[in-house]
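The values are calculated or read from the model by the stated rules, or taken from the named source; none is laboratory data. This is a predicted model, so every value here is computed, not measured. Using ideal geometry, Cβ is built from the backbone for each residue, glycine included, and neighbour counts are taken over all protein chains shown. Just the protein is used for accessible areas: all its heavy atoms, side chains included, with ligands, DNA and RNA removed. Shrake-Rupley method; radii C 1.70, N 1.55, O 1.52, S 1.80 Å.
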Amino acid sequence: IGDVIGALERDSARPWSIAEMAALAHMSRSTFLRTFRHALGQPPIEFLIRRRLESAQSLLRETDRSITDIALEAGFSDSNYMARQFRRLTGMTPSRYRGK
């Protein structure tokens, strides 16, 4: 699991699949999902979304790039999806976060 966490942290923008993560951990898909959740208290996709949001937050604070550019660089498929996840986890929109 440590190898997977390291890979996700190093390259969170990559379009990861559960199958790739499980292969990296040398586990079956179901064993990987169960083990990851047990070890981190969340599924791997949630971990990845949170990691991508950390990257987006940093870019929102440190740059004046568009939210769409930030979403794509952070690994989200589009800015609307990032905005929904951002609001779900922070309680605010990316624009409001940037303006705080």
Ignoring ligands, DNA and RNA, what percent of the accessible area of segment 52-100 is carbon or sulfur (1.4 Å)? 44 percent
At a Förster radius of 22 Å, what calculated FRET efficiency corresponds to the Cβ-Cβ distance of T90 and T31, to the nearest 0.05? 0.10
Find the all-direction average of the projected area of the Cα convex hull for the chain, expressing the result in square nanometres with one decimal place. 6.2 nm²
What do you get for the angle between helix 79-90 and the principal long axis of the chain? Use alpha-carbon atoms, 0 to 90 degrees, nearest ten. 80 degrees
On C-alpha positions alone, give me the angle between the axis of helix 44-62 and the longest principal axis of the chain, in degrees, nearest 10. 30 degrees
Gyration tensor (Cα only) of segment 16-66 to equivalent ellipsoid, semi-axes in Å sorted down, yields 29, 11, 6
